[in-house]
1. Would you mind finding the one in A:GLY70, A:GLY30, A:GLY64 that is at pLDDT below 80 and within 14 Å of chain B (Cβ to nearest Cβ)?
2. Quick check on B:ARG105: is it at the interface with another protein chain (Cβ under 10 Å from one of its Cβ atoms) and buried (at least 17 other Cβ atoms within 10 Å of the Cβ)?
3. In contact (Cβ under 8 Å) with a residue 12 or more places away in the chain and either within 13 Å of another protein chain (Cβ to nearest Cβ) or in a strand (DSSP E or B) (or both): which single residue out of B:LEU46, B:LEU33 fits that description?
4. Please go through (1) over 18 Å from the mean Cα position of the chain (by Cα); (2) assigned to a helix (DSSP H, G or I) for B:VAL177 and return the number of the only condition it doesn't satisfy.
5. Which condition does B:CYS41 not pass, out of (1) in a loop (DSSP other than H, G, I, E, B); (2) of a type outside the set (Phe, Trp, Tyr); (3) under 18 Å from the mean Cα position of the chain (by Cα); (4) closer than 26 Å to A:ALA477 by Cα, if it passes all the others?
6. Which pairs have Cβ atoms under 9 Å, sit 6 or more apart or on different chains, and link a residue in segment A:32-60 that is farther than 19 Å from A:PRO465 by Cβ to one that is among the basic types (Lys, Arg) and in a helix (DSSP H, G or I)?
7. Within the set of pairs 6+ apart or on separate chains, which have a first residue in segment A:309-331 that is of a type outside the set (Val, Ile, Thr), a second that is assigned to a helix (DSSP H, G or I) and surrounded by fewer than 18 Cβ atoms within 10 Å (Cβ to Cβ), and C-beta atoms under 6 Å apart?
8. Going through segment B:164-218 one residue at a time, which ones are of a type in the set (Gly, Ala, Ser) and crowded, with 18+ Cβ neighbours inside 10 Å?
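The values are calculated or read from the model by the stated rules, or taken from the named source; none is laboratory data. Keep in mind it's a predicted model, so treat the numbers as computed, not measured. All Cβ positions, glycine included, derive from the backbone under ideal geometry; neighbour counts span all protein chains shown.
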Amino acid sequence: MDPDGRRLTAQGRGAVASAPRSAAPRGAAGRWAAPLGWGLAVAVPLGFLGLFFAWPVAALVARGFVSDVGAPDLSGVQEVLSAPRTWRLVGQTLGQAVAGSVGAVLLGLPGAYLLYRTTFPGRSVVRGLVTVPFVLPTVVVGVAFKSLFQPGGMLGWMQLEETFAAVVVALVFFNYSVVVRTVGGLWERLDPRAEQAARALGASPVRAFCTVTLPALAPAIASAAAVVFLFCATAFGVVMVLGGIGYGTIETEIYQRTTQFLDLRSASVLSVLQLLVITLALWVAGRARARREHALHLESDRTAAHRLRPRDLADGAALAVTAVTVVGLLVLPLAGLVVRSFRTPTGGWGLDNYVALGTTGGRNALVVTVWEALGTSLRTAALATVMAVVVGGLVALVVSRRPRARAARRAVGLLDAVVMLPLGVSAVTVGFGFLITLDRPLGLDVDLRTSGLLVPIAQAVVAVPLVVRTVLPVLRAIDPRLREAAGVLGASPGRVLRDVDLPIALRSLGLAVGFAFAVSLGEFGATAFLARPDSATLPVVIYRLIGRPGAENYGMALAASVVLALLTATVMMLAERLRGDRASGAAGGEF
Amino acid sequence: MGLEVRDVVVRYAGATADAVAGVDLDVADGEILALLGPSGCGKSSLLRAVAGLEPLARGQVRYDGADLAGVPVHRRGFGLLFQEGQLFAHRDVGRNVAYGLETARVPRAERTARVRELLDAVGLAGYERRPVTTLSGGERQRVALARALAPRPRLLLLDEPFSALDRGLRERLAVEVREVLKATGTTAVFVTHDHDEAFTVADRVGVMQAGRLLQVAPPEELWRRPASRAVARFLGYQAFVPRADGGLLAVGPTGLRAAPEGSGAPGGPGEPGEPGAPATWAEVVGSAFRRGRTEITVEADLGSGRRRLVALADGVSAPAPGTKVAVTLDPAGCAVVPD
């Protein structure tokens, strides 16, 4: 019996006893736990990115403006800026980025429509296929297109080897999925009734699309285009493998001036120049993203896909364009790569190239065997993933909060922007910065450069923004009242994190882990700088093999590329399975 | 003792006016109080402030005499029910209901028993293993209610719990919620913008407007004696006619009747607007048949100028627009409010 004697009976439904809870006073430990926890959650990522990103990059920037004796000196700047070669490189960089983004957007829009606005058997397979290039290592993509375009290759008759066009085609291949997923994610949830209303008011399908749908999609298109522009402007592996001798961008020039001419001063001036271009692109992307989050209010919750109608003009055109793109641009290079990898150096067919992966290549092209490099890659990527997920997860957690105080809200917004910077700052710049700052960091007598930790740290820096972008939308989508409901039911703030945020975030964390691992596996720019020959990773080894003469080495490069591609694709597939269906279009390759 | 709210002010950053502008309120142990008001009147903000989800700019919230300042949400021992239930999608029905018991470290056996007891009470016996995504809107709200009640909250706060549901279900649930709250002896504050819901569920109803609490009274008294013109207007009183004693006669939604045909022409001017006074001529604008009765919209001057009013026309065939009918005031549907 209830001690209060207030036991009553609800009509015919059994009784519910009531002994009211009482309020418990807050303990002294509880008062400090929350600020301490959040302080750590902010300090760890800031410390990590400050030490391993901001400092090296800042030191690098300073290099360009200070003379050898430490006095301010702008002669290096003047020298670099007055060289015609610099402006030719800037022109090539911008041209390549503009062509790459325009191509990706033009091909990506029909793809986004087909894959997110219509349904057809096998759609999820095609969606998965489209994602593959984005996570493929740049070096693999370079090798795949090289084998396609070189004399005797499937598209050798086009005479595109070592041309601007070849680089642009490879960049479009890479970034196609960024446009498809970013634009498709918004298009999928766009309320079709606005377009229907326009049609009812007398607009033709084309007019309704141009006046209603396209403006609604504009923020997503702008945001995707800016990100693609960024990736294209800082592309390194693809340009190194495909560009050939007369071709270069700011990114490859930085690498060459540093490693071949040891001209650190002009390399750092170029880095600064690149930073400027990139900051501008990031700023545009940020503004577009802000507008898109604004535009979300126009969305409906349910998806508005219809069955594919091939006879319909719009559906038919989208189908045709996408089919040609997917087969010609995505499947052909990858299939070509696989087929050529079975071509033996003597001209026959067989597994010779794969067998040779256990050697160090013809004329000892390598210091380690390819399998050893694979082992190094896996170990490095695992370490990098742990770091990236911890740092990125903490950042996502902090940034997903909406503090009450305006200053705190501003700080959270700033953190959001700052952690995106590694996405834009070229990996080569990061690697270069590591070289000049981390020999005796903070006066400590340790040279991180020889410790083997440097490569995973650099890879983690590159992967952090991807982890944040994968986890953050999921955390942000949690209705704050869900947390309040848990709080009212007696869950402390820490417990709310465990019981509400964590289970929901975990599903996206699987994808984040996959992303981080795949990106680390394929990372080339910073790793090329930092990895020593005896601890080279798979992409570095592939690049080295491509650069050496001999059919044997070339065959090994193809086989190693297939192995790396398979490994990356497997990791991503596992990660996609882990994430479940909730994450919708928000996760993965959308920025 | 129950809940005591003293001079509470809630202020949002950047807002021009206070969301809650100095409210005093008492809710006795075991009482159900409804806060009624239009959207944006501050009723939800007040509720969230009581729960500890919004900081107080001024004032005090006390429970059983103890000031709750500095007591965080999860230690107040209150329950909260939201509009869309906010069930945890990654837990099944039983684990949702058990959540508050888990945080209170109730032993498993007791937890299971309590969950069964509550699912039974809300009419969802045997639903323990169901995923919450398979439930209908009404079922979700019942689970949310069971979840909120499971840890035996000292005070249950309900924030427009049925607004997302359709009308029939809403009316049924309102009755059931009152039964369950009364059966469990739970003290509750219920926020709604729906008059019928407030009057069905609550022992007393408080009317809020622009951050202020205008009147708190039992439903019958609130309806019969609105404390002010603002309260009366919010409750649906449609016209206010000055009286000789300086007060206003508030004409309720059922306070005006069309006189049966053939009852004669209106008499002389008399005392306008006085119940039982002679009828007035009114011009018909339109008519509608609602809930089994004919309601006609008329234009008439009851003594406060010509305006549109709704009159009940029982036993009168709906007159065509433009015709003149005689209308009289029905004292049972009118109230007197101070000017």
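1. A:GLY30
2. In short, no.
3. B:LEU33
4. With (1) over 18 Å from the mean Cα position of the chain (by Cα); (2) assigned to a helix (DSSP H, G or I) applied to B:VAL177, the lone miss is (1).
5. Status for B:CYS41: all satisfied but (4).
6. Once the first residue is farther than 19 Å from A:PRO465 by Cβ and sits in segment A:32-60, no partner that is among the basic types (Lys, Arg) and in a helix (DSSP H, G or I) comes close enough.
7. A:PRO310/A:GLY316
8. B:ALA174, B:ALA183, B:GLY185, B:ALA188, B:ALA198, B:ALA202, B:GLY206, B:GLY211
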